[in-house]
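Please read the structure below before turning to the comments.
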Amino acid sequence: MSVTLRPARPLDAGALGAILDGWVRATPWMPQLYSGAEAVSFLSQMIDAGWVTTAETDGAPAGFLARDGGDVHALYLGEGARGRGIGARLLDAAKSGESALSLWTFEANTGAQRFYDREGFVPVRRTSGDNDEGLPDIQFRWQRSETT
């Protein structure tokens with residue numbers, strides 16, 4: 001499988017919004033606060049800001065990472081793209097441009113926590129739900145080491 005990373009284009013918003021919305025709808029503990037159209041609008045705003053890197057397989061978006069400087073706002077992969085190293089490639093690309101990255105994940109998302117741990121992130125803060133979803137979450141941080 002060939003994976004290409006590239007800056008997202010405005011026409012990617014529909015496919016990337018569907019990836020985000022699909023994950024929310026498939027996750028039983030995640031409240032569905034937004035419609036699919038709102039997910040597309042959200043992606044459009046991040047794309048317009050220049051934050052989004054798209055992972056493409058076979059000419060179609062398979063996932064994305066949205067980052068503003070060292071703040072990772074979103075990392076989502078389509079169902080068929082998970083477990084194939086695509087998320088790690090997106091994070092590696094983000095790491096290459098920053099000395100530190102910070103992100104949040106939900107406490108209930110244990111798979112994401114294991115992934116971020118493998119990728120060198122450490123938990124630095126927890127909340128009882130200071131987010132739109134009202135769910136407990138964890139802030140993770142990655143710092144480039146002196147030898148990296």
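Details
- In nm, spacing of pseudo-spin labels at Asn131 and Ser145 (7 Å Cα→C-beta vector): 2.8
- Between Arg126, Arg89, Arg114, the Gaussian network model of the chain with springs among Cα atoms under 10 angstrom shows the greatest mean-square fluctuation at Arg114.
- Based on C-alpha pairs under 8 angstrom that are at least 6 apart in sequence, the chain has a relative contact order of 19 percent.
- As a rough guide to protection, the peptides 3-9, 66-72, 17-23 ranked by mean Cβ packing within 10 Å, highest first, stand as 17-23, 66-72, 3-9.
- Neighbour net charge for Glu98 - beta-carbon separation under 13 angstrom, K R +1, D E -1: +1
- For the stretch 1-107: rounded, prolate or oblate by the Cα gyration tensor [a/c cutoff 1.5]: rounded
- The Cβ shell under 11 Å around Gly87 holds other residues with a net charge of +2, Lys and Arg each +1, Asp and Glu each -1.
- Per-pair calculated FRET efficiency, R0 = 22 Å: Asp117 and Thr27 via Cβ, rounded to 0.05: 0.65
Every read-out reported here was derived from the displayed coordinates using simple, explicitly stated rules and does not represent laboratory data. Only a predicted model underlies this, so the values are computations on that prediction, with no experimental measurement involved. With ideal geometry, Cβ positions are generated from the backbone for all residues, glycine too; neighbour counts draw on all protein chains shown.
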